Amino acid sequence: MALAVLAGCATVSVVAAALAVALPEDGGPESGTPVLAAVHGVDLGVAVAVEPLRGDDEYRDVVTGNYTSVTAENTMKWEYVQPERGRFDWSGPDTVMDFAERGGLDVRGHTLLWHNQLPAWLEQGSFGPQELRQVMREHVGELVGRYEGRVTAWDVINEPFTDEGAELRENLWYGVLGEDYIAEALWVAHEADPEARLYINEFGIEGGGAKADALYALAEDLVDRGVPLHGIGFQSHFVHGQVPEDLASTMRRFTDLGLEVAVTELDVRVPEPVTDAELQAQAGEYRHVVESCLDVPGCVGVTVWGVGDGHSWIPEWFPGYTAATPFDEEYRPKPALEGIVEALSRRPTPPSSG
Ligand code: 9MR
């Protein structure tokens, strides 16, 4: 997005220019968050699902009115894109791409190599290294190549470490190809779209600790070897009351390696029953996460995981928790949105002070 050139500019004239750039022709955004994000040169993104993008006007309006980028929540995952070997289904990914391009939104591609949401033929197949390498090349080449030049960043590697630990996860790729599956996939994605920013996306690293240290060591090694790794995604699936204070310092470790970082899947789940006081406190947590990103010059954006509480993965995966996103089930803005606005309303940092 051309808005990146606005990063860090503090003068009134540049803010006015940002307003001119970012305001859609059909009227101003409800909350002004796209304009505010543009002033800081960051993306404010949201994960989207295909069905409501096709059939729910309100859903679409929340996205275009409040966000500057989208991530496909599920439809670019392997099980949907290549449900049978050699048969690619582009209907879902094309819906997301077309919607984004019509609305002038950036797209984050999610995700290429992961241990979840694999089609049965792949998960249950038995592949030797040569064939699995070929399967990986075909899939990554087809998917990344189809949208070459249209996807800002790809989560090439998703959740490479074990849930709690600092060991590489023994997924399909690791089991057959060994640790270097990570570098290989990054190279293949880079060949398919040399402009796309290529990420490792992980959870449980946001506040530092052994897993963050292990990811740092991996990233440092890849950078030293000249592998095309450009960014680290901080998924940021938080529990209310447990959002790490020192998010910015963890991000800075990675930007000091010359990488960019992004908050890629932010939500803050609250135990039921949810009180107004908790929603107010949650607003402070959303504010803190966005402020942390703005505090780090190499942080390029924050993506929220779900357009509203009615489209969030949380109630299904964490029974007893809810209210994790900035809009409620009726798409009414919640205090969390105000938290984001407050964070983005501060004066942009001039680039020289970064
Ligand atoms: O939000 C996604 C949910 O709809 C799916 O059922 C789930 C399947 O594993 O994946 C969710 O998205 C995940 C993302 O792709 C990777 N990081 C964790 C997210 C939440 O599980």
(request) Towards the positive end of the charge dipole of the chain, with charges on Cβ (+1 Lys, Arg; -1 Asp, Glu), say which of Val39, Trp173, Ser292 has the farthest Cα. (result) Val39
(message) Rg and Dmax in Å for the stretch 157-208, alpha carbons only: what are they?
(response) 12.3, 33
(request) Counting other Cβ atoms within 10 Å, keep those with at most 13, restrict to DSSP loop, and tell me which GluC sites (Glu not before Pro) in the stretch 111-162 are left. (result) Glu148
(message) Would you work out the Kirkwood radius for the chain? I mean one over the mean of 1/r across all pairs of different Cα atoms, in Å.
(response) 20.5
(message) Can you tell me what share of the DSSP beta bridges in the stretch 148-298 is antiparallel? A percent to the nearest 5 is fine.
(response) 5
(request) Using the Cα centre as the reference, give the magnitude of the dipole from point charges on the C-beta atoms of the chain (Lys, Arg: +1; Asp, Glu: -1; all else neutral), rounded to the nearest 20 debye. (result) 740
(request) Taking 7 Å along the Cα-to-C-beta vector as the label spot, tell me the Gln134-Asp180 distance in nanometres, rounded to one decimal. (result) 2.0
(request) Enumerate by residue number the trypsin sites (Lys or Arg not before Pro) in the stretch 170-259 meeting two conditions: DSSP loop (anything except H, G, I, E, B), and at most 16 other Cβ atoms within 10 Å of the site's Cβ. (result) Arg225
(request) Have a look at Ser345, Pro315, Val304 and report the one farthest towards the positive end of the charge dipole of the stretch 279-354, computed about the Cα centre with Cβ charges (Lys/Arg +1, Asp/Glu -1). (result) Ser345
(request) Return the ratio Rg/(2.2 N^0.38 Å) for the stretch 118-170, where Rg is computed over Cα atoms only. (result) 1.39
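The numbers here are math on the coordinates, done by the rules we state, and not lab data. Since the model is a prediction, treat every value here as computed from it, not as a measurement. Here Cβ is always computed from backbone atoms with ideal geometry, including for glycine, and neighbour counts include all displayed protein chains.
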